[in-house]
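One structure, pasted below without further comment.
Coordinate-derived values only; no laboratory data. Only a predicted model underlies this, so the values are computations on that prediction, with no experimental measurement involved. Positions of Cβ are generated from backbone atoms using ideal geometry, with glycine treated the same way; all protein chains shown enter the neighbour counts.
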Amino acid sequence: MLNALWIGFFLIAFSASVVQYLAGDAAIFSLVMKAAFGSAKTAFEVALGLTGVMCLWLGVMKIGEKAGFLAVMARWLGPLFARIFPDVPRGHPALGSITMNMAANVLGLDNAATPMGLKAMRELQDLNPDKETASNAQILFLVLNASSVTLLPVAIFTYRAQLGAADPTDVFIPILMATYCSTLAGFMFVAAVQRIRLDLVVLTWLGGMTAIVGGLALYFANLPAAQMTAESSVLSNFLLLALLVIFLIGALVKRVNAYEAFIEGAKDGFHTAVTIIPYLVAMLVAIGMLRASGALPAFVEGIRALVLVMGFDAAWVDALPTMLMKPLSGSGARAMMIETMQASGADSFAGRLASIVQGSSETTFYVLAVYFGSVGIKRVRHAVAGGLIADLGGFVAAVLAAYLFFGALT
């Protein structure tokens with residue numbers, strides 16, 4: 001699918017350029033090629049600039065992992081997952097793998113989350129009576145992964161810092177709200193379809209999380225715009241700094257060599273930053289050509305006009321390309337987010353909204369392909385619908401959070 005999308009971007013850019021040329025724009029081909037070369041250079045510079053911050057945060061997260069916070073999260077989440085996966089027997093290894101996977105996701109430990117997730121899917125497959133059809137437990141597990149509540153969206157902070165955001169973490173609280181709404185929407189859909197019993201433990205978890213996220217929204221909604229921005233920035237940075245200190249204290253208590261753990265994680269950060277260069281070049285070049293050809297601006301302006309005719313505010317439309325790409329391609333959505341921040345500014349409404357959208361959920365079709373493909377599932381039943389509903393819930397919440405926190409700044 002990503003291959004078809006990528007080729008399609010180039011074909012659309014070429015077709016739009018031909019139309020522009022026939023309309024009298026003799027310089028259009030030169031502009032498109034200039035955009036291609038410029039985007040390739042920008043992709044390399046962005047990836048290079050990410051290296052230091054990626055090393056920092058992946059080093060910090062490795063300290064947390066070595067200090068045992070992954071195991072702590074797993075103990076907290078265990079009673080919940082034992083109830084929302086009723087088809088998995090108590091004590092089955094799959095429940096442990098699911099819990100570890102989700103705990104790693106919450107802490108942003110992708111390097112630990114994916115292997116544990118694949119292990120959980122294989123263990124769920126052992127319980128699956130129809131090996132080619134997704135079971136209820138496998139579907140719920142996939143939807144929870146696709147919605148992906150992440151406490152620390154490090155990559156987004158990193159991109160924002162590289163692209164000149166005054167406070168790269170000012171989107172932390174809005175992202176937390178959006179990703180929670182994404183997970184809640186996906187879970188409630190699957191729970192309704194599978195008739196999962198919402199007992200006291202489940203309702204306590206849902207009620208507690210909703211109270212925290214809703215309380216944050218209500219508190220900030222009652223503040224003047226300037227005060228809201230200032231206080232959300234203070235809270236975001238305090239929470240991140242507190243997390244760092246907690247990890248370090250945990251390392252001391254567990255007698256973990258925090259320095260060596262940091263270096264190990266930082267090496268992963270360096271490798272990650274270098275690895276993404278080809279992907280960024282591929283997608284940013286295609287999107288840069290699409291914008292220079294006039295095709296992407298024409299699409300966005302068409303949607304904007306439609307939204308305005310319907311009587312709604314259209315400031316959110318500039319982040320629409322990131323929303324449309326997110327379920328299909330993680331690298332494509334990331335490139336759309338970067339391109340939006342470059343075009344409009346990292347601290348613009350569109351730039352912040354694109355960042356919130358990027359952090360609101362995972363890439364539904366990629367997660368589906370990797371997790372179900374690993375065990376040979378061919379019939380996915382309501383998994384796609386659940387993943388897309390989670391995406392939609394996250395996108396709507398992202399727009400509302402962006403208006404709540406940054407709408408007055410546009």
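Can you tell me which of 344-353, 170-179 comes out highest on packing, and rank the rest after it, using the mean Cβ neighbours within 10 Å?
Highest-to-lowest ranking by the protection proxy: 170-179, 344-353.
Related question: Would you kindly derive the ³J(HN,Hα) couplings of region 52-68 from the backbone phi angles with the Karplus curve 6.51 cos²θ - 1.76 cosθ + 1.60 (θ = phi - 60°), listing them in order in whole Hz, with x for Gly and Pro?
Result, ordered by residue: x, 5, 5, 4, 4, 6, 5, x, 4, 5, 5, 4, x, 5, 5, 7, x Hz.
If you don't mind, another one. Grab the beta carbon distance between Val245 and Ile212, set R0 = 22 Å, and tell me the FRET efficiency rounded to 0.05.
0.60
From the residues Gly288, Tyr366, Ala103, which one has its Cα farthest along the dipole of the chain in the positive direction, the dipole being from +1 and -1 charges on Cβ of Lys/Arg and Asp/Glu about the Cα centre?
My answer, from the dipole projection, is Ala103.
Can you give me the angle between helix 295-309 and the longest principal axis of the chain, using Cα atoms only, in degrees from 0 to 90, rounded to the nearest 10?
Computed tilt is about 80 degrees.
Given charges of +1 on the Cβ of Lys and Arg and -1 on the Cβ of Asp and Glu, with all other atoms neutral, how large is the dipole of region 299-404 about its Cα centre, in debye to the nearest 20?
For region 299-404, the charge dipole is close to 500 debye.
Could you give the dipole magnitude of the chain about its Cα centre, charging the beta-carbon of Lys and Arg +1 and that of Asp and Glu -1, in debye to the nearest 20?
Using Cβ point charges on Lys, Arg, Asp and Glu, the chain gives about 760 debye.
So how much slack lies between Ser374 and Asp25, counting 0.36 nm per residue of separation and subtracting their Cα-Cα distance, in nm?
120.7 nm
What does the net charge come to around Asp318 if you take all other residues with beta carbon closer than 13 Å to its beta carbon, with K and R at +1 and D and E at -1?
Residues near Asp318 contribute 0 overall.
If each of Val201 and Asn257 carries a label point 7 Å out from its Cα toward its Cβ, how far apart are those two points in nm?
3.9 nm
Quick one: Karplus J couplings for region 205-213, per residue in order, coefficients 6.51, -1.76, 1.60, θ = phi - 60°, nearest Hz, x for Gly and Pro?
4, 4, x, x, 5, 5, 5, 5, 5
Shifting gears a bit: Rounded to the nearest 0.05, what FRET efficiency do Leu127 and Leu48 have when you use their Cβ-Cβ distance and R0 = 51 Å?
Calculated value: 0.65.
Sticking with this one: Using each residue's phi in region 85-100, evaluate 6.51 cos²θ - 1.76 cosθ + 1.60 at θ = phi - 60° and report the 3J(HN,Hα) Karplus result to the nearest Hz, with x for Gly and Pro.
10, x, 7, 9, x, 4, x, 5, x, 4, 5, x, 5, 4, 5, 5
Moving on. Stretch Leu5-Leu235 to full length: gain in nm at 0.36 nm per residue minus the Cα-Cα span?
Gain in length upon complete extension: 78.9 nm.
In addition: Under 8 Å for C-alpha pairs, at least 6 residues apart: give me the relative contact order for the chain, rounded to a whole percent.
Reported relative contact order: 31 percent.
Helix 364-373 versus the longest principal axis of the chain: what angle, 0 to 90°, nearest 10, using Cα atoms?
50 degrees
Turning to a different aspect of this structure: Among Gln125, Gly164, Ile246, which residue has its Cα furthest toward the positive end of the charge dipole of the chain, with +1 on Lys/Arg Cβ and -1 on Asp/Glu Cβ?
Selected residue: Gln125.
Find which of Ile263, Ala333, Ala74 sits farthest along the positive direction of the dipole of region 35-409, computed with +1 on the beta-carbon of Lys and Arg, -1 on that of Asp and Glu, about the Cα centre.
Ala74
Would you work out the charge dipole size for region 1-160 about its Cα centre, treating the Cβ of every Lys and Arg as +1 and the Cβ of every Asp and Glu as -1, and quote it to the nearest 20 debye?
Around 400 debye, computed over region 1-160.
May I ask for the distance between the Cα centers of region 178-231 and region 278-345, given as a whole number of Å?
With region 178-231 and region 278-345 each reduced to a Cα centre, they are spaced 28 Å.
May I ask for the angle, rounded to the nearest 10°, between helix 136-147 and the longest principal axis of the chain, with both axes built from Cα atoms and the value confined to 0 to 90°?
50 degrees
For Thr133, list long-range residues whose amide hydrogen, built 1.01 Å from N in the peptide plane, is under 5 Å from its own amide hydrogen.
Amide H to amide H, under 5 Å and 5 or more residues apart or across chains, Thr133 pairs with Lys378, Arg379.
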